[in-house]
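Participant: Attaching a single structure in structure tokens format; questions to follow.
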Amino acid sequence: MQKGNIGVTTENIFPVIKKLLYSDHEIFLRELVSNAVDATQKLKTVASTGELKGEAGDLTVHVTLGKDTITVSDRGIGLTAEEIDKYINQIAFSGANDFLEKYKNDANAIIGHFGLGFYSAFMVAKKVEIITRSYKEGAQAVKWSCDGSPEFTLEEISKDDRGTDIVLYIDDESKEFLDENRISSLLKKYCSFLPIPVAFGKKKEWKDGKQVETADDNVINETNPLWTRKPGDLKDEDYKTFYRSLYPMSDEPLFWIHLNVDYPFHLTGVLYFPKVKSNIELNKNKIQLYSNQVYVTDSVEGIVPDFLTLLHGVLDSPDIPLNVSRSYLQSDSNVKKISTYITKKVADRLQSIFKNDRKQFEEKWDDLKIFINYGLLTQEDFYDRAKDFSLFTDTDGKHYTFDEYKTLIKDNQTDKEGNLIYLYANHKDEQYSYIEAAKNKGYNVLLMDGQLDIAVVSMLEQKFEKVRFTRVDGDVIDNLIVKEEKKGAALDADKQDVLSVMFKSQLPAMPKVEFSILAEALGENASPVLITQSEYMRRMKEMANIQAGMSFYGEMPDMFNLVLNSDHKLVKGVLSDEEKECDTTVTPVLKEMSEIDAQRNKLRDKQKGKKDEEIPTAEKDQLDELDKKWDELRAKKNEVLSGYAAGNKIVRQLIDLALLQNGMLKGEALNNFVKRSIELI
Ligand code: ADP
């Protein structure tokens, strides 16, 4: 028997491996099974070149559970004593400690770096044996054994069969891996698509009320998974079946893309556009990354562009370096090429469905929209391709490409400055009356009710030239698309003020909501009253909700305009009624106020250009006195008007109707409205 030391520079590397790779112990199984598969594939190559004497025979890899052992057996090329010495004993550890320290949370990086695949066995085993016989003619079988110290033994044994058994004597802390279900689920996770059959025990069947083993191997993998096959040989049903096998609980996918590149990198895979039922699902099902059919990870961030991480499916590439950290990954030139390639493929596929089957594309748009919008927002190269098939949807459910929509509204929705105004609603029912008002003008209104639409609107305003998006309830319709100069104020300032005081005094108090009262001449047939919210303020608040650092806007109250239509007979009625009722009380006050105003102006004119110390104190006092008087008069006038308004059912009814139309009439105010309405009937 031969004895020796494993060629590591660090005195005892195994405890280090064990300790540092605490989170990923389970991958030992992947490493050992894929080594067995590699050895078997090499044997197939040797057999195909005629180098192998005798039959290749059954090449199934077996995973077997003992009382305290796990054995992985193959009938691959096996190892000679010299090969064990070369590939197992002489592992070159240069700067091992530094590297281990740096990547202590990334087992893939460590294993890749050191070619430590086999040694990962020591993460779970106190002793490991390699029992092997090379395929080479007359090869002597050997047994290598190591208990985790740098010391190993190597002895000649007799072994009938070609190939290798790796026997792990599971250590006390790793007993969990002796559980059949645990191994079963690990094999499912890592080995489901390995290219050589892998068997775990025997198939079981129900007999006389209990499960009994059959004579058949329980093969756990599909050796020719869908993505390795030629697209031409596959039917839609095959893709759907494969999808179901990956994500059993999910709805049927919308589309899929079969990827297959050989140059300048190797990449195969199938990506699916899922039907999005909820965000939770979107995040739960993930793209799985494989390397030559060995499962690596389901976190593909950094490998595919962010927006495509929402897709489902499988990517397989031996050219994605796994032995590096995530941050390094993104700067890797192969990974960059792969990412660009996938983006292009996805865009091409969408483009071709759009071109060849627009009806289907439109039907699926609601589900596709979130991916495409995400892509438009985050990926410039995707935007450049997707702008031709991205769709707008209007409030009637009709779809348009960006170009088509521009053509549709160009003639009717350009304002006097030459800006094209895109009107949109984000809620069909809540904004119903505004949408109707716009339609009556012959305008089209887009429906922007998606999760990313706020951001898309801002982005498109940057991309498109001379284009502004505005929500239909941002202002009265004639102000949203201003086509000609206003002919002057709707009412003179006094009357505006009267309306403002009256209506303001009757608005129900609402927390964090403020109203301005405006009068506009909107035509006899338009609504007497409506509520609008400035596009700018609303967007700032919306952005504040989704973006950190904008809490200033988030804290501000919601500001609305209550717009009174001075052309409407109800509003006119309110005014003429007020004149009649309040003439005797208000007119004298107003007269007095304007006299005081005149005096104030005279004094101010006199003081103009003088420095503060040049103005006599008496004069200053006089002005203060006038200001005070004026304020008192105004308060008096407002009191009269508020008092009058409180008794005017039309004022309160108009306010409530406007609030009701915007879903803002609630609780007691709503109750009062109902009562008052009944009285009015
Ligand atoms: P890697 O697989 O990355 O080369 P490993 O540490 O997993 O690194 O294995 C080292 C070498 O040992 C392999 O390259 C292979 O030559 C040999 N080897 C490992 N397992 C087997 C096996 N089951 N049969 C034959 N050779 C094997």
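Participant: Pairs please, first residue from region 289-314 and of a type in the set (Gly, Ala, Ser), second anywhere and surrounded by fewer than 21 Cβ atoms within 10 Å (Cβ to Cβ) and assigned to a loop (DSSP other than H, G, I, E, B), Cβ atoms under 9 Å, 6+ apart in sequence or on different chains.
Facilitator: Every condition considered, the pairs that remain are Ser291/Pro318; Ser291/Asp319; Ser291/Leu322; Ser299/Lys286; Gly302/Gln330.
Let's see how each residue does on (1) in contact (Cβ under 8 Å) with a residue 24 or more places away in the chain; (2) outside the structural domain of Tyr432 (by TED's automatic domain parsing); (3) more than 19 Å from Arg471 (Cα to Cα):
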site	(1), (2), (3)
Gln506	yes, yes, yes
Pro511	no, yes, yes
Lys541	no, yes, no
Val563	yes, yes, no
Ser566	yes, yes, yes
Leu575	yes, yes, yes
Glu581	yes, yes, yes
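Participant: I'd like to know if region 195-204 contains one or more residues that are within 16 Å of the ligand (Cβ to nearest atom) and at pLDDT below 95.
Facilitator: The answer is no; no qualifying residue exists.
Participant: Considering only residues that are hydrophobic (A, V, I, L, M, F, W, C), at pLDDT 90 or above and within 14 Å of the ligand (Cβ to nearest atom), which ones fall in region 122-145?
Facilitator: Result: Val128, Ile130, Ile131, Ala139, Ala141, Val142, Trp144.
Participant: Six or more apart or on different chains, Cβ under 8 Å: which pairs go from a residue in region 368-393 that's closer than 20 Å to Asn356 by Cα to one that's of a type in the set (D, E, K, R) and outside any helix (DSSP H, G or I)? Could you list them?
Facilitator: none
Participant: Where in region 222-330 are the helices (runs of 4 or more DSSP H), entirely inside, with at least 2 residues that are at pLDDT below 90? Before the answer, list the steps.
Facilitator: Values: elements: 236-246, 279-284, 326-329.
By residue number, 279-284, 326-329.
Participant: Report yes if Glu430 is within 23 Å of Gly397 (Cβ to Cβ), under 35 Å from the mean Cα position of the chain (by Cα) and exposed (fewer than 15 other Cβ atoms within 10 Å of the Cβ), otherwise no.
Facilitator: yes
Participant: How many residues are among the hydrophobic types (A, V, I, L, M, F, W, C) and more than 17 Å from the chain's Cα centre (by Cα) if we restrict to region 433-456? It would help to see each step written out before you state the result.
Facilitator: Taking region 433-456 first, the residues among the hydrophobic types (A, V, I, L, M, F, W, C) are 435, 437-438, 445-448, 452, 454-456.
Keeping just the survivors that are more than 17 Å from the chain's Cα centre (by Cα) gives 435, 437-438, 445-448.
Of the residues in region 433-456, 7 are among the hydrophobic types (A, V, I, L, M, F, W, C) and more than 17 Å from the chain's Cα centre (by Cα).
Participant: For the condition within 34 Å of the chain's Cα centre (by Cα) and surrounded by 16 or more Cβ atoms within 10 Å (Cβ to Cβ), what is the one hit in Phe200, Phe193, Phe177?
Facilitator: Phe193
Participant: Continuing with the same structure: Give region 562-574 a look and list any residue that's closer than 13 Å to Asn648 by Cα and within 53 Å of the chain's Cα centre (by Cα), or say none.
Facilitator: Step one: list which residues in region 562-574 are closer than 13 Å to Asn648 by Cα, which gives 570-571, 573-574.
Passing the criteria: Leu570, Val571, Val574.
Participant: Does Val586 fit the bill of being under 29 Å from Gly667 (Cβ atoms) and among the β-branched types (Val, Ile, Thr)? Write out each step before concluding.
Facilitator: Numbers: under 29 Å from Gly667 (Cβ atoms): no; among the β-branched types (Val, Ile, Thr): yes.
When the stated conditions are applied, Val586 does not pass them.
Participant: Continuing with the same structure: Out of region 351-403, which residues are small (Gly, Ala, Ser) and either part of a loop (DSSP other than H, G, I, E, B) or in contact with a strand residue (DSSP E or B) (Cβ under 6 Å, 6 or more places away or on another chain) (or both)?
Facilitator: Ser390, Gly397 - these are the residues of region 351-403 that are small (Gly, Ala, Ser) and either part of a loop (DSSP other than H, G, I, E, B) or in contact with a strand residue (DSSP E or B) (Cβ under 6 Å, 6 or more places away or on another chain) (or both).
Participant: Tell me which residues, restricted to region 506-523, are crowded, with 17+ Cβ neighbours inside 10 Å and either among the small types (Gly, Ala, Ser) or touching a strand residue (DSSP E or B) at 6+ places or on another chain (Cβ under 9 Å) (or both).
Facilitator: Within region 506-523, Leu507, Phe515, Ile517, Leu518, Ala519, Glu520, Ala521, Leu522 meet the criteria.
Participant: How many of the residues making up region 441-457 are surrounded by fewer than 15 Cβ atoms within 10 Å (Cβ to Cβ) and over 15 Å from Thr395 (Cβ atoms)?
Facilitator: 1
Participant: Separate question: From the list Glu380, Glu362, exactly one residue is among the charged types (D, E, K, R) and in contact with a His (Cβ under 9 Å, 6 or more places away or on another chain). Which is it?
Facilitator: So the residue among Glu380, Glu362 that is among the charged types (D, E, K, R) and in contact with a His (Cβ under 9 Å, 6 or more places away or on another chain) is Glu362.
Participant: Say we look at region 363-400 and pick out the residues that are among the hydroxyl-bearing types (Ser, Thr, Tyr) and within 13 Å of the chain's Cα centre (by Cα); which of these is surrounded by the fewest Cβ atoms within 10 Å (Cβ to Cβ)?
Facilitator: Out of the qualifying residues, it is Thr378.
Participant: Look through region 142-161, keep the residues that are part of a loop (DSSP other than H, G, I, E, B) and in contact (Cβ under 8 Å) with a residue 60 or more places away in the chain, and return whichever of them is surrounded by the most Cβ atoms within 10 Å (Cβ to Cβ).
Facilitator: Gly148
Yes or no, residue by residue, for (1) more than 10 Å from the ligand (Cβ to nearest atom); (2) at pLDDT below 95; (3) within 26 Å of Phe193 (Cβ to Cβ); (4) not in a helix (DSSP H, G or I):
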site	(1), (2), (3), (4)
Val46	yes, yes, yes, no
Leu59	yes, no, yes, yes
His62	yes, no, yes, yes
Asp98	yes, yes, no, no
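Participant: OK, next. Quick one: Gly7 ticks every box in (1) within 14 Å of the ligand (Cβ to nearest atom); (2) surrounded by fewer than 18 Cβ atoms within 10 Å (Cβ to Cβ); (3) of a type outside the set (Phe, Trp, Tyr); (4) modelled with pLDDT of 90 or more except a single one, so which number is it?
Facilitator: (4)
Participant: Within the set of pairs 6 or more residues apart or between chains, which connect a residue that is closer than 13 Å to Val296 by Cα and touching a residue at least 24 places away in the same chain (Cβ under 8 Å) inside region 22-47 to a residue that is within 13 Å of the ligand (Cβ to nearest atom) and of a type in the set (S, T, N, Q) with Cβ atoms less than 6 Å apart?
Facilitator: Close Cβ pairs (under 6 Å, with a partner that is within 13 Å of the ligand (Cβ to nearest atom) and of a type in the set (S, T, N, Q)) amount to Phe28/Ser120; Glu31/Ser120.
Participant: Taking region 146-168 as the search range and keeping residues that are small (Gly, Ala, Ser) and at pLDDT 90 or above, which one is nearest to the ligand (Cβ to nearest atom)?
Facilitator: Gly163
The values are calculated or read from the model by the stated rules, or taken from the named source; none is laboratory data. The structure presented is a predicted model; accordingly, all values stated were derived computationally and were not measured. We place every Cβ from the backbone using ideal geometry, glycine too, and count neighbours over all the protein chains shown.
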